[in-house]
1. Rank these by accessible area, largest first, 1.4 Å probe: 494, 345.
2. Which lysines, if any, have their Cα less than 28 Å from the Cα of residue 26, not counting same-chain residues under 8 positions apart?
3. With contacts defined as alpha carbon pairs under 8 Å and 6 or more residues apart, what's the relative contact order of the stretch 250-347 in percent?
4. So if I place +1 on the C-beta of Lys and Arg and -1 on the C-beta of Asp and Glu, and nothing else carries charge, what would the dipole magnitude of the stretch 350-496 be about its Cα centre? I want it in debye, nearest 20.
5. Based on Cβ point charges of +1 for Lys and Arg and -1 for Asp and Glu, what charge dipole magnitude is obtained for the chain about its Cα centre, in debye rounded to the nearest 20?
6. At a 1.4 Å probe radius, which order do 43, 425, 360 fall into by accessible area, largest first?
7. How much of the accessible area of the chain, in percent, comes from carbon and sulfur atoms when a 1.4 Å probe is used?
8. Treat every Asp and Glu Cβ in the stretch 234-361 as -1 and every Lys and Arg Cβ as +1, leave all other atoms uncharged, and give the resulting dipole magnitude about the Cα centre to the nearest 20 debye.
Amino acid sequence: MSWWQNLPFFLVWGPLLLSSVTAALKPKYARAMALVVPAAGTIASAALLGCILKSGSAFLYPLGAFGAPFGNELRAGEMEAVLAVAFCAILFLCVLGGYQRILAHIEPQRQSLYCVMVLLLQSGMMAQLFTNDVFTAYVFIEIMTIAAGALVVARTRGRTLFAATKYMIMNLLGSGLFLLGISILYCLTGHLLMENIHEQILKLYSTGAYAKPLTLSMALITIGLAVKSALYPFHTWLPDAYASATPSSSAMLSSLVSKAYIFLYIKFVVRVFGLAVFRSTHIQTLLLIFSSVGIILGSIDAILEKKLRRMIAYSSVAQIGYIYLGIALGTQAGIAAAVFHIIAHALAKALLFLSGDRLIGVSDGDATFHELRGAGYRAPLCGAAFTIGACSIVGIPFLGGFASKLYLASACMGLERINALIALIVLAVSTALNAAYFLITVVTLYMKPPHEYHTRLNHPKVSTAALAVFALLIVALGVFAPRVMAVIENGVTHLL
């Protein structure tokens, strides 16, 4: 075994072990750990990706000396490594970009614990990417749920307790449904490792045995992860959680947490059940309906919102619908397009929450669109960053969002004629709706202000640099989209 094949283990367990150390540190050193560990994860993930691309194949990393069904293992391929780089880099930039607001919004005695939750979140996300064991996935789902709830409630202000309570109730419900689903799956197959489960499912599928329990298991797993990732109509917890938390938390929740759950679901669809079984259960059809409705109604809810943070939050409902639409196509092209949109949306949404908070700050803390007039002049760099993020979500050419929508539209062409037509209409209508609220918001930022503003925020250079890096990454993703997509497509092929 080569040295680099140990990297998935350290990416999962390193942040988990260092979180216990961080809990004992003073706030100043704890905040440093919350920056250093994600940065180290980015470097390690990039090294892993380079080595996997050079070797040309995925690999399994056994944990312990026991094989199936008693052993546990990690799996790393092109797609897992690409997402690990993206997730660690975005986590680092989220903490860096919202660093000043962490100091302002979170009491000093809570800051060390806040940083512990950041590291637990990183560990949980890496586990969802690399684990090959369904029960291990459940354990780290619970770790992520607790960490994400703590990140919401860390900010002591009016609605955060309500938002965190709502978040925990809905997400624990999702966790329970997921656990029931994998319990039924274990009863049917006798295995916890994904390849072994898949082999048994193919045998059951070929004979037609236990068809209803198998469908029930997949339905429970689908609903559980749909609740946790805020697929419409299970999204009711999302606006309050995203809008109430401190900007770094909002950026992490919207860009990373929901995406880790979705990628875990992709692994279940592709590696556990298989695309053929997925299509045969008709869950694909229901997912197509829910994602299409979510894309449209999430955009309409965003249009009706009067405050910036909640508008950005409702936009996430629509964008999550795009990802599930790609999965619902039930094809390799659809899965690849969904993974690409995970990256494109993660970059854009983190940038929107971080820059949007700065724009609200220079508008005397008022998030209403009337008070945001002229904010683009009061904070020029933040206005430019918000514009780039908004244009990516809308789908302006040469940006990541445009490429992801183009790949989704191309994947839809593989459907039956009527289904392809419906999916393309949904994409076209949603793009128009995206333009209706995001481009109008951008115009509002550069309108004549209603009165003189007195708030002048001090923007640290490192935080401004984080926004600039986000903007550059969005442009780079759009320009180099074919190369990124080629790696993802290879990863999907090896995932099968």
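The values are calculated or read from the model by the stated rules, or taken from the named source; none is laboratory data. These numbers were taken from a predicted model, which means no experiment stands behind them. Note that each Cβ is placed from the backbone with ideal geometry, even for glycine, and that neighbours are counted across all protein chains shown. Ligands, DNA and RNA are excluded from the accessible area calculation, which covers all protein heavy atoms including side chains. Shrake-Rupley method; radii C 1.70, N 1.55, O 1.52, S 1.80 Å.
1. 494, 345
2. 461
3. Dividing the mean separation by the residue count of the stretch 250-347 yields 30 percent.
4. Dipole of the stretch 350-496, to the nearest 20 debye: 260 debye.
5. About 820 debye.
6. From most exposed to least exposed: 43, 425, 360.
7. Carbon and sulfur: 70 percent of the exposed surface of the chain.
8. Dipole of the stretch 234-361, to the nearest 20 debye: 140 debye.
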